[in-house]
Amino acid sequence: MTRRLKVTLLRSLAVLSIGVGMVGAGPALAATTDSSSSSASSSSAVTNDNTTATAEFDMSPNAAISLDSAPNIGFGSNIAPNSKSNGSYTASTLSAPLEVSNPGLASGWTVQLKNTPFTDAAGDTLGGAELSLGNASVAAGNSGNPSTAPTAATAPLTGTGANQVVFSSPAKGGLGIWDSDYTLDDVNLTVPSGQLPGTYTSTLTWQLSDTPQ
């Protein structure tokens, strides 16, 4: 992306001038007195002027909003949930935050998420499993970002393939780089008792569109 920055600064200088005149006194006459005096006026002028500072910012015609990263989630190794209690597991690893970059487009944007059923190599599924992404913390990649911040939403995923909005910015907002950062304790997998042992994997699909929700 090509960016061009042009700054024009105009300055003016007000000059203050002061003039002083002096007149000397003549000799006194015996019969008559004729005295005159004059003084030059003293004046000062204060001037005000308005100037401008202009900055131009351009964007590459090919600039686009991008999804920079999304997390892989791990729940580690656990005992198969086959007791009287259903299983509930918090994440043990999260690889990265959900991150979106907007180089300056005013359209707003949305990230939607869907997942497939948890399935092992034999094709068996983790029946009734629900993956829940809790409340993420939203922060700009830089300090002092003045644009309207995007918002994050929770997403209970049951493997149906239905999209859910998880990160969204309004029009003219979400400019720059923004992260939706999940914590381990807020990412949870619940599994009903009655499952075959195995290593189960669900594919998470994060879909970015340049429209707000």
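Numerical summary
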{"quantity": "Failed item in (1) buried (at least 18 other Cβ atoms within 10 Å of the Cβ); (2) touching a Leu at 6+ places or on another chain (Cβ under 7 Å), with Gly104 passing the rest", "calculated": "(1)"}
{"quantity": "Residue in segment 88-96 that is touching a Ser or Thr at 6+ places or on another chain (Cβ under 6 Å), aliphatic (A, V, I, L, M) and at pLDDT 95 or above present", "calculated": "yes"}
{"quantity": "Residue among Ala149, Ala171, Ala153 that alone is of a type in the set (A, V, I, L, M, F, W, C), more than 15 Å from Leu67 (Cα to Cα) and without any contact (Cβ under 8 Å) to a residue 24 or more places away in the chain", "calculated": "Ala153"}
{"quantity": "Residue within segment 108-120 that is assigned to a strand (DSSP E or B), more than 30 Å from Ile65 (Cβ to Cβ) and of a type outside the set (S, T, N, Q) present", "calculated": "no"}
{"quantity": "Residue pairs meeting the criteria (Cβ under 6 Å; at least 6 apart or on separate chains; first in contact (Cβ under 8 Å) with a residue 12 or more places away in the chain, in segment 55-73; second in a strand (DSSP E or B) and exposed (fewer than 12 other Cβ atoms within 10 Å of the Cβ))", "calculated": "Ala55/Val7; Glu56/Lys6"}
{"quantity": "Search result, residues across segment 73-101 that are among the hydroxyl-bearing types (Ser, Thr, Tyr) and either over 33 Å from the mean Cα position of the chain (by Cα) or loosely packed, with under 13 Cβ neighbours inside 10 Å (or both)", "calculated": "Ser77, Ser83, Ser85, Ser88, Thr93, Ser95"}
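So that you can scan it fast, the table gives a plain yes or no per residue for (1) of a type in the set (Asp, Glu); (2) modelled with pLDDT under 95; (3) in a loop (DSSP other than H, G, I, E, B):
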| position | (1), (2), (3) |
| --- | --- |
| Ser132 | no, no, no |
| Val138 | no, no, no |
| Thr148 | no, no, yes |
| Pro156 | no, yes, no |
| Gly161 | no, yes, yes |
| Trp178 | no, no, no |
| Thr190 | no, no, no |
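The values are calculated or read from the model by the stated rules, or taken from the named source; none is laboratory data. No experiment lies behind these values; they were computed from the predicted model shown. FYI the Cβ positions are ideal-geometry reconstructions off the backbone, even for glycines, and counts take in every protein chain you see.
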